[in-house]
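The values are calculated or read from the model by the stated rules, or taken from the named source; none is laboratory data. Model, not experiment: these values are computed from the prediction. Cβ atoms come from the backbone with ideal geometry, glycine included; neighbour counts cover every protein chain shown.
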Amino acid sequence: MIQIKGQYNLDDFKKAQQLHARQAAASYGTRVFLVAIALLFYGSLIALVLLGRLQWPYLLAPLALLLVFVLYQYVYKPFMLGQTFKKHKDLSAPFEMELSEEGLRVSNPKGSAMIPWNNFLKWAEGKDMVLLYRSYIMFQMVPKRLFPRESDLQFLREQLARKNIPETGKTTKRISRNRLLVYIFLFTAILAMIYVNIRSIPK
């Protein structure tokens, strides 16, 4: 049996939410393709402005959208997470976790609960956090900083593997050959359409 004690802080809460958000995020290959398309689109707007076929204010709309995204992702979202953490006092209450071959026992000032390993639907591991899912949206945060030894963390992984609880959220930077060919074809097709449209615009 392994016992860990502590309490969550705001940084734990933010890292858990970030890891959870990555479960529903697009794959690495899809994100690369979308970024490439966005750059191609903006590059075509710049080309049209330089050719005198569009007015420069058209370049501001994509930049405005990008600014809104950056403000939401790095200002508004962290602020709201901080407000949520402050509002729910239970998140910062001291707790104790016991990891055994039977399951995970969580104790806090309001009570104690034993969760068998096979009650978890899936789990995800990030650089600083492990999430144990009891449903697709409800999870137990387990900060890695609370484990004094790597072997204790490995014990957790082994129990989940023993019960065949699937690990999710692994991101890979490897793009399959077929997917890469599809992306190249789409990229080329879009580039060709932009070129045809530019040629068709009367001077």
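Considering only the stretch 80-96, state which residues are among the small types (Gly, Ala, Ser) and surrounded by fewer than 13 Cβ atoms within 10 Å (Cβ to Cβ).
Once the filter is applied, which keeps residues that are among the small types (Gly, Ala, Ser) and surrounded by fewer than 13 Cβ atoms within 10 Å (Cβ to Cβ), the stretch 80-96 yields only 93.
Which one is nearest to residue 152 (Cα to Cα), of the residues in the stretch 1-34 that are assigned to a helix (DSSP H, G or I) and modelled with pLDDT under 75?
23
Could you say which residue among 82, 43, 52 is part of a loop (DSSP other than H, G, I, E, B) and farther than 25 Å from residue 148 by Cβ?
52
Output the number of the condition that residue 118 fails; it satisfies all remaining conditions of (1) of a type in the set (S, T, N, Q); (2) touching an Asp or Glu at 6+ places or on another chain (Cβ under 8 Å); (3) at pLDDT 90 or above.
All conditions are met except number (2).
Is there any pair with a first residue in the stretch 98-118 that is in contact (Cβ under 8 Å) with a residue 60 or more places away in the chain and a second that is hydrophobic (A, V, I, L, M, F, W, C) and in a strand (DSSP E or B) whose Cβ atoms are under 7 Å apart and which are 6 or more apart or on different chains, and what are they?
Hits for this filter: 99/2.
Can you find, within the stretch 97-127, the residue that is surrounded by the fewest Cβ atoms within 10 Å (Cβ to Cβ) among those that are in a loop (DSSP other than H, G, I, E, B) and among the small types (Gly, Ala, Ser)?
The selected residue is 100.
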